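Presented below is the structure to which this report refers.
Each reported figure results from applying straightforward, stated rules to the coordinates on display, with no laboratory input. Note that this is a predicted model, so its numbers are computed, not measured. With ideal geometry, Cβ positions are generated from the backbone for all residues, glycine too; neighbour counts draw on all protein chains shown.
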Amino acid sequence: MPFFSRGNDDDKAAQAAAETEQAASLEALERGELPLRAQQRLAEIGKASSGFFTSDLSVNEFALGHSLGLRPIAQVMGSSIYHVGWQQRPGFYGGWQVGGVSQELTVVSEAWNTARRRAFARLEQEATLVGADAVVGVHLTKGAHDWAAGAIEYIAVGTAVRVDGAERGGRPVLTDLSGQDTWKLWQSGYRPLGVVGASTVHYVVSGWSTQRMSGYWSSWANQELRDFTRGVYDARETAIGRMTEEARAHGAAGVVGVAIEHSVEEREIESGGSRRTDLVVTFHVLGTSIGERRPDGHDLDVSPRLELRRNVLSPHVLGGSR
């Protein structure tokens with residue numbers, strides 16, 4: 001009997017320890033930090049001297065980066081799954097509008113922006129724990145899942161590296177540039193200051209003129225749907241403006257590697273015995289802010305890219321939009 005009693009005590013102690021760790025991890029996540037087990041594993045990687053590493057670098061990128069002084073340490077990640085709260089749509093009480101309405105869905109926009117900030121904060125924490133100078137080649141995955149209706153997911157993944165000759169002790173720099181382009185910045189007298197970005201979701205209520213143009217008889221003529229065009233421009237200006245403000249807060253000279261992801265979704269609305277088609281426009285923008293590394297900076301030898309991707313947004317990404 002004592003044998004079984006000792007086994008039960010051991011099981012209870014293990015369960016209690018697991019519950020304590022789980023509670024501590026949940027508290028860390030609430031503060032925007034990493035779970036305890038992840039912190040422990042990454043700290044061990046940072047202390048290890050074996051030189052073993054994992055990365056998502058291609059063979060060519062690794063070989064060139066290694067020759068230029070970039071030493072990969074580990075693949076790092078930041079993630080956040082965020083619930084989208086309730087949002088009333090514009091034009092909820094009216095069927096026909098004389099003029100169209102373009103308005104930001106602030107609840108949905110803030111959910112995307114908060115998820116992005118938390119994901120990048122955790123990415124930076126992982127890089128700090130492994131002793132990195134920078135994280136290069138950061139790429140993103142965004143989306144929603146059927147098992148979590150009304151929730152969005154934001155994941156940032158990159159390769160933590162040490163830079164030969166870099167001063168130790170500072171915060172690791174995050175960049176969506178490749179390892180090669182990051183080194184070109186250093187060689188040219190510039191340095192990445194961090195990843196900057198913004199998201200916005202706009203709801204466009206079609207006015208009477210646009211609704212009339214979308215009708216059966218208007219299909220014979222080429223016409224611009226001006227309310228929808230204005231809504232797309234409004235969303236873009238909001239997103240670019242917020243990213244620019246964030247870069248200026250870094251003291252940046254500019255932003256390179258800007259990628260724009262654009263998605264639209266039609267909404268068929270019935271109200272007051274009439275039907276209309278509204279539009280939901282989403283913009284995600286992301287880039288790397290840069291500044292001069294030394295006063296005698298040379299000409300910048302890196303080609304910025306502007307990448308435009310258009311996707312159709314899944315309806316349940318909008319969460320509680322009504």
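Peptides 231-237, 129-135: what's the order by average Cβ count within 10 Å, highest mean first?
Highest mean packing first, the order is 129-135, 231-237.
Sort 112, 186 so the one with the fewest other Cβ atoms within 10 Å of its own Cβ comes first.
Placing the least packed residue first, the sequence is 186, 112.
Sort 53, 283 by Cβ crowding within 10 Å, fewest neighbours at the top.
Fewest to most other Cβ atoms nearby, the residues stand as 53, 283.
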